[in-house]
Each structure stands twice: as structure tokens, then as C-alpha cells.
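Q: Mind looking over this structure? Questions follow.
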């Protein structure tokens, strides 16, 4: 047996010394990264010595596998429900078109007959039900009670969350005229549902609304905390003691593909709620958390990548301790998902539960130096934001003033800049896009989302990929009309080894805007470049090669391309000291890492006659 003592013990100082050598003069900070909340990710953390596992799902208890039901065809939706439940789903989210989480679809009919059709052949006592109806939540809840009675179901045996969130519904519509009366009606609504035999939770503090509008993790937590505190106050004012109110409420949070931030966010949610529960002396200090894959990360282009995104989101939500999880089918951004897309969403959860055994350990990230530090920092950032909301007069007042919307807009603007310059790439959209991607089957095309009553004060859900998708759509329309995709000629200077790196960058860059690239192949000199461009035809050319090639033949090649009919000539890479010389030769611009990707593509669209 090998004597392990032959290896010297290595400490942090040894690691830092090795890092300094590996960085070759770069600062240590180049290994760190910052979140939207200003939290610094360190490359190495020591084990957390004093951590205590959080009270989440008991070890070994699986989370509830929730499937969205958002098909307006009630009979077809009932068939989907039966198929989902037969094949592993343990919960249903009835998503109405009035819900902020509908995203253009949803059940349109909230009548008693509609509920009876949806629940036909279902045993509610064996599953978990979620009601997501937005501004119509209270009315839909009353109707669900009637439907339960008509179908002979016992409310006492049902696990049902009613999703009543008047603050969230008002935030999405921007209409705050009836908000006070809607909030004041909460105690009566909760009491009636309780008297009918339901156990709840009845009220939802929904962070997904804020996340979908661009909020950071701390902002989502702060808004959800402020909303839940507002509901505790109104329930107390309506005669429901704070000690009894905790179990009547749940949180709904977004889970995205950043697994570390999502895990930490869910853990931070429990710690933040524990502090509120302690101060308010709640008898039930546990927090029920429903997690749903984030809408803003979904893409309509190369949608199969969404399978990977929601898998990461599901993993993170499960490890973070979510009590129930719903995943968007991978094609939701394109149209109403078909049976295959629904099956993939369902089986993603089942595989992580049954084959990866993610639920076997309660709070598995407890003790991790990185996760404990990130959780604590998120708690601190979120609590500070929560205090600012309280200083505004509470969540409702902050929304009415537009203060909260402005904070989210600032975060959204910063993220938009990082998306535009590819600092935050989107796989399949702004990075490695596929011009010849296969189509995806859906049941229906997406409908237009409901127009906010007051857009100026509304939280607008969006997807990060939308600016690039708009460019791709415009290019596709031109392709269909002309029978040929808009193309840019790549003047590839030197050998294949010389130009491949920058030509590959340009092909991906152009494809992000729906533009094809004509790669000339090895070009030995300016004359061959000009001849190749003339043979290929087109309007735009771009030089791709090494810095040495640009210095030796860049100016002559630009002149030759212009003489051959190129209306504009660009450069792949930074021109550096050659800028003046190349501009004098006719260079119209340069594309490089860190430049404004969407702005440059819009300019190319104009040059190529793409409306």
C-alpha cells in the first residue's frame, strides 16, 4: 500500500502560490465574478464550520412534481391531466389566462362547469392542486369550492394551494385602483375557504413576477418577503392572529439555470422567513416554497437547449429544498406544448428524483463554504432591500409610486448591456446559433399577452433572448421573400489555421442575427480576395485573419474588395494600431469580443436591406 505521508500537506497559501504562477501576471480578481446584487463569487471557499442544516423537506421525502395545465381546450386539458398523473406527476397547476404565469396561454373559462370538466376522473385527495388565476383568483377559488362539492370531493383530504395574490396581480397589470379593497378582502376569503374544509395555503407571495420582469435574486427575495409581510398585517387586521397566519401562506419563486444562485436563493428564503416568523411569533414557522423554471431564460430559437436549462433549474430547486416544482415544457416560448414536450418536462423531474435521488438528503448544500456564504450574503442584500420597501410604505405603496419598478428596471438595463455585448451569452441564440435548426411541433401559436392596464407602472415579463429573436425573425422573413438568406462574405486571409478562429467567431456572430456567412477559403493576397468576392456576389465583406495578415495585406484587401463591389468592408478583431491605416483604405468598422453585438447586427441588417 502506498504511504500517503510522502505527500506534503497543502494549505491555502500553497494554493495561492500555484494560482499566481498559473495566472502569469493576471490579477487574482480575474478568477472572481460578481452577481447582479454585487455579491462576489470567490474561486475557493473554506468549509463552513458552524453551519446548521435548514428545515426543509424531510430527508427522503420527494418534492411534488407539478405539471402546468394551461390548454384552453378543456377536454384536451383533461386528457393531458390524466396522462400526466398516470405517468408520474403528483401535482397540477391550473393556470388561467388571467394569471401572470400564463405567458399568452391559459384556461379561459373559470366557471363551475369548466372545473368539473378539468377534474373529471381525477381524485384530488391523491394529488396536490395549485390554482393560478391572477386577478380572478378569489372568484376562481369560490367556484372551485362549488366544483368540489358537486363532484363529491372532501376538501379536508385535498392538498390545494389557491394562489391568491392581489399585490402580484396588480403589479403585472399596473392597475392599483382596486388593490386596497382586494387586499382587505383577504381575511374573509381565507376564512371562507377554511370554513369549507380546505387547509390551504390560500395566499401566495409570488416572486416569479419580479424575476420575469428582470429582478435580481435579492430583489426577488425582498419583494416576496415584503408582499408576505403585507399579507400578515392584513390578515391580523381581519381577525386572523399572526400566530395562525403563517401556515396559510406560501412563496412561489423562479428557478433558473444558475444552479448556485438558485440553491442559495431558496435557502435564503427560508432564513428570511424564519426571521419574520420569529418576530411575529408564528406558531407554524415553516415555509412552503413552490419553484417554477424561470420564464426569462426560455428561448424560442434552438428550443431543445431549454431542456438543459430546466434540468439545471430543477436540480437547483430540488437541492435548495423546494416543496413543489413545475417546469416549463421546452417549447413554451414557441407555442402551446404538445404531449412530447409535456412528457420531457415531467420526466426531467422524475429522473432527478428516482434515478439521481436528489430528495434523499435534506439541505444537502449545508456546510458548503460557498453555498453558506452565498446564502448569507443574499439574506443581507435582500433584507436591506426589504427595509427600503418598508420605508416606502410597504410593497403596495412602493409599486404605486413606481419606486420598485425603477429598481428592477435598473437591474434589467445592466443585464441587457451584458447580453448585447455577449458578456452573458445565451446558448443557441447569441452563442452557437443554428441557422438550419429543426422546427418544433406545438398545439398552437403563442397568443399575445394581456396588455397592462397601466403600462407605466406594470412589471413586464420578458425573455432574455427576445432582442436576438427579433433579428432572426426579420432575417427569416427576408429569406422567405427572396428565396436566399442574407449573406456576408468572409475574406479569409492566409491558411485555414490562420483564419479559422476569427472566421468561426464571425459565423456565430452573423448567425445570431439570422445572417449566413460565405467563407472564401484560403486567400493568398488582395487580388484573389477581390476576385472571390466578385464571384460570390453580395454587398458586405469582412476580413478574417491574424493581426500579421491585417498588417501585411489588410489595406490592400479592403481596397480590392471595394473595387470588386463591396459596399462595406469590416474587420474581425480589434484593428489596434492599424485603425487609421485601415480606415483610410476604406474600412467601415470592426467586430470583436465585447462590442455591442445587437447594435452591430442591427447595422448589418440595415446594410443588407433587412427591414
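Q: Taking the condition of being exposed (fewer than 15 other Cβ atoms within 10 Å of the Cβ) and farther than 20 Å from residue 557 by Cα, how many residues in segment 569-604 meet it?
A: Result for segment 569-604: 4.
Q: Among the residues of segment 601-611, write down those that are touching a residue at least 40 places away in the same chain (Cβ under 8 Å) and assigned to a helix (DSSP H, G or I). Steps first, please.
A: First, the residues of segment 601-611 that are touching a residue at least 40 places away in the same chain (Cβ under 8 Å): 601-602, 604-605, 607-611.
The answer is 601, 602, 604, 605, 607.
Q: Here is a follow-up. Of the numbered conditions (1) closer than 20 Å to residue 591 by Cα; (2) modelled with pLDDT of 95 or more; (3) more than 16 Å from the chain's Cα centre (by Cα), residue 468 satisfies every one except a single condition; which is it?
A: So residue 468 meets the others, but not (3).
Q: What residue, of 233, 208, is in the same structural domain as residue 385 (by TED's automatic domain parsing) and either at pLDDT below 95 or surrounded by fewer than 19 Cβ atoms within 10 Å (Cβ to Cβ) (or both)? Step through it out loud before you land on a result.
A: Numbers: 208 fails: either at pLDDT below 95 or surrounded by fewer than 19 Cβ atoms within 10 Å (Cβ to Cβ) (or both).
Answer to the check: 233.
Q: While we're looking at this one, here's another question. Return the pairs, sorted by first residue and then second, in which the second residue is surrounded by fewer than 19 Cβ atoms within 10 Å (Cβ to Cβ) and not in a helix (DSSP H, G or I), the first residue lies in segment 144-158 and is in contact (Cβ under 8 Å) with a residue 24 or more places away in the chain, the beta carbons are less than 6 Å apart, and the residues are 6+ apart or on different chains.
A: Filtered contacts from segment 144-158: 145/196; 155/196; 155/197; 156/197.
Q: Kindly indicate whether any position in segment 211-224 is free of Cβ contacts under 8 Å to residues at least 60 places away in the same chain, buried (at least 24 other Cβ atoms within 10 Å of the Cβ), at negative phi and not in a helix (DSSP H, G or I).
A: Checked segment 211-224: no residue is free of Cβ contacts under 8 Å to residues at least 60 places away in the same chain, buried (at least 24 other Cβ atoms within 10 Å of the Cβ), at negative phi and not in a helix (DSSP H, G or I).
Q: Which ones in segment 499-511 are in contact (Cβ under 8 Å) with a residue 24 or more places away in the chain and either surrounded by fewer than 18 Cβ atoms within 10 Å (Cβ to Cβ) or under 28 Å from the mean Cα position of the chain (by Cα) (or both)?
A: Initial filter on segment 499-511 (in contact (Cβ under 8 Å) with a residue 24 or more places away in the chain): 499, 502-503, 505-506, 508-511.
Answer for segment 499-511, where residues must be in contact (Cβ under 8 Å) with a residue 24 or more places away in the chain and either surrounded by fewer than 18 Cβ atoms within 10 Å (Cβ to Cβ) or under 28 Å from the mean Cα position of the chain (by Cα) (or both): 505, 506, 508, 509, 510, 511.
Q: State whether one or more residues within segment 52-61 are touching a helix residue (DSSP H, G or I) at 6+ places or on another chain (Cβ under 9 Å), farther than 27 Å from residue 273 by Cα and modelled with pLDDT of 80 or more. Even if it seems obvious, please write down each step before you answer.
A: In the first step, residues of segment 52-61 are kept if they are touching a helix residue (DSSP H, G or I) at 6+ places or on another chain (Cβ under 9 Å); the result is 54-57, 59-61.
Imposing the further condition that a residue be farther than 27 Å from residue 273 by Cα reduces the set to none.
Checked segment 52-61: no residue is touching a helix residue (DSSP H, G or I) at 6+ places or on another chain (Cβ under 9 Å), farther than 27 Å from residue 273 by Cα and modelled with pLDDT of 80 or more.
Q: Do you know which residues across segment 512-534 are surrounded by fewer than 23 Cβ atoms within 10 Å (Cβ to Cβ) and touching a residue at least 40 places away in the same chain (Cβ under 8 Å)?
A: Result: 516, 532.
Q: When segment 272-310 is examined, which residues are found to be surrounded by fewer than 18 Cβ atoms within 10 Å (Cβ to Cβ) and modelled with pLDDT of 95 or more?
A: 304, 307, 308, listed by residue number.
Q: Here is a check on your reading of the model: is residue 417 surrounded by fewer than 20 Cβ atoms within 10 Å (Cβ to Cβ) and either not in a loop (DSSP other than H, G, I, E, B) or not assigned by TED's automatic domain parsing to the domain that holds residue 220 (or both)? Don't jump to the end; show me each part of the working.
A: Values: surrounded by fewer than 20 Cβ atoms within 10 Å (Cβ to Cβ): yes; either not in a loop (DSSP other than H, G, I, E, B) or not assigned by TED's automatic domain parsing to the domain that holds residue 220 (or both): yes.
When the stated conditions are applied, residue 417 passes them.
Q: Next up: Given the conditions (1) under 22 Å from residue 69 (Cα atoms); (2) in a helix (DSSP H, G or I); (3) touching a strand residue (DSSP E or B) at 6+ places or on another chain (Cβ under 8 Å), report the number of the one that residue 189 does not fulfil.
A: (1)
Q: Here's something else I'd like to know. Which members of segment 104-126 meet the condition of being closer than 19 Å to residue 143 by Cβ, within 31 Å of the chain's Cα centre (by Cα) and not in a helix (DSSP H, G or I)?
A: 106, 107, 108, 109, 110, 119
Q: Right, residue 47: loosely packed, with under 12 Cβ neighbours inside 10 Å and at negative phi or not?
A: Numbers: loosely packed, with under 12 Cβ neighbours inside 10 Å: yes; at negative phi: yes.
For residue 47, the condition - loosely packed, with under 12 Cβ neighbours inside 10 Å and at negative phi - is met.
Q: Pull up segment 422-435, narrow it to residues that are more than 16 Å from the chain's Cα centre (by Cα) and crowded, with 17+ Cβ neighbours inside 10 Å, then point me to the one that is farthest from residue 593 (Cα to Cα).
A: Taking segment 422-435 and keeping what is more than 16 Å from the chain's Cα centre (by Cα), we get 422-423, 431-435.
Narrowing further to those that are crowded, with 17+ Cβ neighbours inside 10 Å: 422, 433, 435.
Numbers: 422: 8, 433: 16, 435: 21 Å.
The qualifying residue farthest from residue 593 (Cα to Cα) is 435.
Q: Would you point out the residue of segment 451-467, among those that are out of contact with any helix residue (DSSP H, G or I) (no Cβ under 7 Å at 6 or more places or on another chain) and part of a helix (DSSP H, G or I), that is surrounded by the fewest Cβ atoms within 10 Å (Cβ to Cβ)?
A: Across segment 451-467, the extreme among qualifying residues is 456.
Q: Of the residues that make up segment 338-355, is at least one modelled with pLDDT under 95, in the same structural domain as residue 385 (by TED's automatic domain parsing) and in a loop (DSSP other than H, G, I, E, B)?
A: yes
Q: Then there is this: Would you mind stating whether residue 274 is closer than 27 Å to residue 53 by Cβ and in a strand (DSSP E or B)? Give the steps one after another, and end with the answer.
A: Working: closer than 27 Å to residue 53 by Cβ: yes; in a strand (DSSP E or B): no.
So residue 274 fails the test.
Q: Among the numbered criteria (1) surrounded by fewer than 14 Cβ atoms within 10 Å (Cβ to Cβ); (2) modelled with pLDDT under 95, which one does residue 86 miss?
A: (2)
Q: If the requirement is being in contact (Cβ under 8 Å) with a residue 60 or more places away in the chain, touching a strand residue (DSSP E or B) at 6+ places or on another chain (Cβ under 8 Å) and either within 19 Å of residue 345 (Cα to Cα) or in a loop (DSSP other than H, G, I, E, B) (or both), which of these qualifies: 141, 101? Write out each step before concluding.
A: Working: 141 fails: either within 19 Å of residue 345 (Cα to Cα) or in a loop (DSSP other than H, G, I, E, B) (or both).
After applying the criteria, what remains is 101.
The values are calculated or read from the model by the stated rules, or taken from the named source; none is laboratory data. A quick note: this is a predicted structure, and the numbers were derived from the prediction, not measured. Cβ atoms come from the backbone with ideal geometry, glycine included; neighbour counts cover every protein chain shown.
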